[in-house]
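Some notes on the structure that comes next.
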Amino acid sequence: MADPTFPADDLKRLLHIDSNEELQNAQDLQAAAEIYLSNAGVEKDYNNALYRQVIISYVAKMMDQPDLLTNLSENTGLMLNGFIHQLRLSQTAGDTP
């Protein structure tokens, strides 16, 4: 069963966040990433390791360099597009990594 939640403590640990303000920024970016993935046809599923990695990668990049992912010639943007495509395919096939 898909898990739609991701604990704030996990977000803090994975992104090495020390302040409540940074955590709030990360949670706002997490919400945006979830919407982006949903609009791309991906089901929210924090049990899926690839889904979690895409969320963390998106949030980390946007916190560090907010304009980085808008340039799709940049490697991270291309990598995330590949991850998103894999997520869609695996969820369509019913795979649960």
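The values are calculated or read from the model by the stated rules, or taken from the named source; none is laboratory data. Computed from a prediction, not measured in an experiment: that's the story for all the values here. Counting neighbours? That spans all protein chains shown, and the Cβs are built from the backbone with ideal geometry, glycine included. Side chains are part of the model used for accessible areas, which takes the heavy atoms of the whole protein and leaves out ligands, DNA and RNA. Shrake-Rupley method; radii C 1.70, N 1.55, O 1.52, S 1.80 Å.
See the values below:
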{"quantity": "Residues satisfying the stated conditions in segment 33-44, i.e. in contact (Cβ under 8 Å) with a residue 12 or more places away in the chain and not aromatic (Phe, Trp, Tyr)", "calculated": "33, 34, 37, 40, 41, 42, 43, 44"}
{"quantity": "Filter result for residue 79 (surrounded by fewer than 16 Cβ atoms within 10 Å (Cβ to Cβ), at pLDDT below 90 and of a type outside the set (Gly, Ala, Ser))", "calculated": "yes"}
{"quantity": "Long-range neighbours under 6 Å by Cβ, at least six apart or interchain, first residue closer than 16 Å to residue 31 by Cα within segment 1-20, second modelled with pLDDT under 95 and among the basic types (Lys, Arg)", "calculated": "4/44"}
{"quantity": "Residue list for segment 1-56, filter: in a loop (DSSP other than H, G, I, E, B), of a type in the set (A, V, I, L, M, F, W, C) and either at pLDDT 90 or above or open to solvent by less than 70 Å² (accessible area, probe 1.4 Å) (or both)", "calculated": "2, 6, 17, 40, 42"}
